[in-house]
Amino acid sequence: MNRLAIFIFALALSSCSAGSDHRNVSSLIQSDKASMASLAYELQHEHNAGTFDGLVLVAQKDVVLFKSAYGYADREDSVRNSSAAIIDMGSIAKTFTAAAVLQLAQKEKLQLSDKIGDFYPTAPDEIKPITIAQLLGHSSGLDNFHNESDFELMDKAQAERRILEMPLIAKPGEKIAYSNAAYTLLAAIVEKVSDKPFQDYVHDNLLTPLNLKSTGFYQDQRVSLNNLARGYGGDDQGRTTFEKGLTWALIGAGGMVTSIDDLAIWSAALKNGAMFPAGASNLAFSKANARWLLGSLAQVEISGESIIQMGGSTDYGYTALIQFVPNRNLLIVLLLNAHDNKYKNATHHRLSRNHILPILLGEGEELPNNSMQPTADASAD
């Protein structure tokens with residue numbers, strides 16, 4: 001029996017047993033490329049093993065080649081995952097914060113060279129020189145967290161005070177160190193500059209123009225509660241982060257949900273600079289430093305291939321990942337709502353690195369496309 005026949009047989013078995021063990025696969029889109037059949041087989045195997053539930057999408061040249069839903073959005077009520085499922089995106093929310101800041105820079109409402117001291121004149125002297133560009137590129141010297149948990153009750157004034165009072169772990173620009181606190185501060189700066197609540201700015205200037213109707217913040221009444229996928233990972237089973245509410249422990253760094261189609265549209269917008277005026281440079285794909293682009297996208301190398309990515313994980317088993325493979329013009333999107341102990345809260349990264357990328361990078365010729373390549377280091381202006 002060949003590999004494709006085995007996959008079809010396994011899929012049939014999975015559909016028959018889904019009600020008892022929460023295993024189910026819905027193939028939504030699959031091209032006739034051999035690599036897509038191999039990918040379907042591999043992901044079916046990992047899902048059957050309990051590694052993950054959720055959705056996986058692969059596109060090339062802006063054409064979706066593969067989209068499948070695995071497992072259940074609600075196991076108790078036997079609601080299967082589908083394109084409509086709305087799932088926590090974790091730290092991918094930072095790309096929306098970065099886009100808001102960069103949009104304001106394009107509109108000349110702020111400059112990337114602006115310093116914290118310009119917005120917070122009473123901040124400690126060591127904090128004042130940090131620039132907007134350094135906050136975006138995780139090189140500000142600010143520590144990672146200003147909160148004890150993502151759901152700690154905290155208003156904006158408390159968050160600002162905690163962040164500005166934190167001792168730096170390095171001088172601004174000297175060290176690249178991931179910082180949630182930097183992105184919370186960026187959200188507060190967006191409010192200062194735009195004179196709008198951060199969530200409203202993102203909704204009005206990013207979500208609405210791109211028609212991202214299934215994307216929003218925790219407890220956003222514009223998001224359909226009926227489509228929320230519950231999380232199944234760790235000690236908590238069948239809960240959602242959405243019901244936790246949103247505080248300034250998390251705003252700017254996380255606290256957003258989305259669907260697989262919305263996340264694919266947003267990923268394409270990041271790549272194409274669709275949130276910026278026509279003809280303007282795509283600051284989201286401009287380099288902040290050797291590790292990060294200004295759009296809160298990391299530059300990494302996997303199996304000798306240049307990858308641009310952002311991932312996220314949060315409570316209850318939610319993990320998410322967007323990956324661009326510039327030389328092949330590939331986009332990979334994972335939006336997951338369950339994991340077991342195999343990869344735990346690194347399931348998004350491990351599933352891609354160990355089970356998706358080897359198949360996609362192992363077949364097919366390279367398709368150079370300079371439009372996906374990051375541009376030269378952006379001016380601080």
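The values are calculated or read from the model by the stated rules, or taken from the named source; none is laboratory data. Given the structure is predicted, the values throughout are model-derived calculations rather than measurements. Heads up, the Cβs are rebuilt from the backbone with ideal geometry, glycines too, and the neighbour counts pull from every protein chain shown.
Before moving on, here are some points about what is shown:
- The set of residues from segment 187-210 being assigned to a loop (DSSP other than H, G, I, E, B), over 18 Å from the mean Cα position of the chain (by Cα) and touching a residue at least 12 places away in the same chain (Cβ under 8 Å) comprises just one member, Pro209.
- Test for Leu351: is it of a type in the set (A, V, I, L, M), at pLDDT 95 or above and closer than 15 Å to Tyr232 by Cβ: no
- Count of segment 232-255 residues which are surrounded by 14 or more Cβ atoms within 10 Å (Cβ to Cβ), of a type in the set (Gly, Ala, Ser) and either touching a Cys at 6+ places or on another chain (Cβ under 8 Å) or within 25 Å of His203 (Cα to Cα) (or both): 5
- Within segment 226-257, tally of residues that are free of Cβ contacts under 8 Å to residues at least 12 places away in the same chain and under 19 Å from the mean Cα position of the chain (by Cα): 0
- Residue within segment 52-66 that is under 19 Å from Asp21 (Cβ atoms) and either in contact with a His (Cβ under 8 Å, 6 or more places away or on another chain) or at pLDDT below 95 (or both) present: yes
- Asn226 meets each of the listed conditions (1) surrounded by 22 or more Cβ atoms within 10 Å (Cβ to Cβ); (2) not in a loop (DSSP other than H, G, I, E, B) apart from (1).
- Remark: pairs (first residue in segment 303-320, within 11 Å of Gly234 (Cβ to Cβ); second residue surrounded by fewer than 20 Cβ atoms within 10 Å (Cβ to Cβ) and among the basic types (Lys, Arg); Cβ separation under 6 Å; 6+ apart in sequence or on different chains) = Tyr316/Arg239.
- Phe119 meets the conditions (1) buried (at least 19 other Cβ atoms within 10 Å of the Cβ); (2) within 15 Å of Ala187 (Cα to Cα) in every case but one. The failed one is (1).
- Note on segment 258-354: enclosed strands (runs of 3 or more DSSP E) holding 3 or more residues that are crowded, with 19+ Cβ neighbours inside 10 Å and within 18 Å of the chain's Cα centre (by Cα) are 305-313, 319-325, 330-339.
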